[in-house]
1. Modelled with pLDDT of 95 or more, within 11 Å of the ligand (Cβ to nearest atom) and not polar (S, T, N, Q): does that describe Ile27?
2. Is it fair to say Leu80 is in contact (Cβ under 8 Å) with a residue 24 or more places away in the chain and in contact with a Leu (Cβ under 7 Å, 6 or more places away or on another chain)?
3. Give segment 22-51 a look and list any residue that's surrounded by 13 or more Cβ atoms within 10 Å (Cβ to Cβ), closer than 21 Å to Glu74 by Cα and small (Gly, Ala, Ser), or say none.
4. With (1) within 15 Å of the ligand (Cβ to nearest atom); (2) touching a Pro at 6+ places or on another chain (Cβ under 7 Å); (3) closer than 27 Å to Gly163 by Cβ as the list, and Leu34 as the residue in question, which single condition is left unmet?
5. Based on this model, can you work out whether Arg68 counts as under 22 Å from Ala141 (Cβ atoms) and without any contact (Cβ under 8 Å) to a residue 24 or more places away in the chain?
6. Between residues in segment 156-181 that are over 25 Å from Thr45 (Cα atoms) and residues that are at pLDDT 95 or above and in a helix (DSSP H, G or I), which pairs lie under 6 Å by C-beta distance while being six or more apart or on different chains?
7. Please enumerate the residues belonging to segment 99-120 that are more than 6 Å from the ligand (Cβ to nearest atom) and in contact (Cβ under 8 Å) with a residue 40 or more places away in the chain.
8. Which pairs turn up if I take residues in segment 21-44 that are touching a residue at least 60 places away in the same chain (Cβ under 8 Å) and over 24 Å from Pro58 (Cα atoms) and look for partners that are of a type in the set (D, E, K, R) and within 14 Å of the ligand (Cβ to nearest atom) with beta carbon separation below 8 Å, at least 6 apart in sequence or on another chain?
Amino acid sequence: MLLSAPSGKAMSNLEITPATPADVPVILQLIRELAEFERLLDQVTATEAQLHEGLFGPKPSAEVIMGRLHPSGEVVGFALFFHNFSTFLARPGIYLEDLYVRQKYRGQGYGEALLMRLAQLALERKCGRLEWSVLDWNHRAIDFYKALGAVPMNEWTMYRVTGAALERLGGGAAIESANDSDRK
Ligand code: ACO
């Protein structure tokens with residue numbers, strides 16, 4: 001699909017398509033580039049095999065759209081997303097996990113084009129929301145999102161249970177220790 005962005009930038013050379021299994025190596029590379037930009041590269045443990053399973057296995061957990069230059073096929077950026085569900089709306093939503101445009105292609109309308117495509121998908125799939133998280137210090141991305149009509153959810157704080165805490169919680173240790181403290 002060739003796109004033109006509302007900002008009027010020349011987008012006739014951008015092709016946005018769903019990723020295929022052959023894209024897994026470049027997707028992992030893009031994930032690592034974004035993590036490096038976010039100063040979180042040390043937290044990336046993802047492997048090609050895991051990504052393949054998560055995106056193209058029997059029960060995929062997420063989807064990816066790729067942005068490529070036409071006709072060279074050079075990868076400009078990508079978006080990785082999955083569905084969530086709003087009980088208030090009783091409708092699915094799209095959660096954008098990663099949006100990334102390679103440095104030399106930034107500021108040319110490609111990020112906007114990827115986000116537009118996701119918004120189109122959200123409408124096509126009758127979703128009520130398109131949402132994501134962004135690091136507080138990433139002012140360029142925050143300004144980019146606000147310019148496209150996104151609003152921050154200031155009253156909401158994301159929580160996470162992972163690693164040893166997840167093992168403890170899932171393994172019942174937290175419940176046992178709560179019972180222990182009941183006994184004291
Ligand atoms: N300030 C204000 N508005 C901006 C800014 C800015 N710094 N940057 C972009 N915009 C607005 C403008 O309206 C711009 O069009 P205009 O310049 O013609 O007015 C419009 O957004 C489109 O900008 P794009 O050129 O499409 O932006 P780009 O291609 O650079 O993509 C992105 C933006 C994805 C943030 C890219 O710069 C990038 O990958 N940055 C590094 C990684 C990153 O921060 N990713 C997002 C992390 S959050 C997440 O993944 C959910």
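1. Values: modelled with pLDDT of 95 or more: yes; within 11 Å of the ligand (Cβ to nearest atom): no; not polar (S, T, N, Q): yes.
Considered against the rule, which asks whether it is modelled with pLDDT of 95 or more, within 11 Å of the ligand (Cβ to nearest atom) and not polar (S, T, N, Q), Ile27 comes out as no.
2. On the way: in contact (Cβ under 8 Å) with a residue 24 or more places away in the chain: yes; in contact with a Leu (Cβ under 7 Å, 6 or more places away or on another chain): no.
No; evaluated as a whole, the condition is false for this residue.
3. Ala35, the sole residue that qualifies.
4. Condition (2) is where Leu34 drops out.
5. Judged against the criteria, Arg68 is not a match.
6. These pairs meet every condition: Ala174/Arg168.
7. In the first step, residues of segment 99-120 are kept if they are more than 6 Å from the ligand (Cβ to nearest atom); the result is 102-105, 113-120.
Hits for segment 99-120 are Arg102, Ala113, Leu114, Met116, Arg117, Leu118.
8. Glu33/Arg102; Leu34/Asp98
The values are calculated or read from the model by the stated rules, or taken from the named source; none is laboratory data. Bear in mind the structure is a predicted one, so any value in this text is a computation, not a measurement. All Cβ positions, glycine included, derive from the backbone under ideal geometry; neighbour counts span all protein chains shown.
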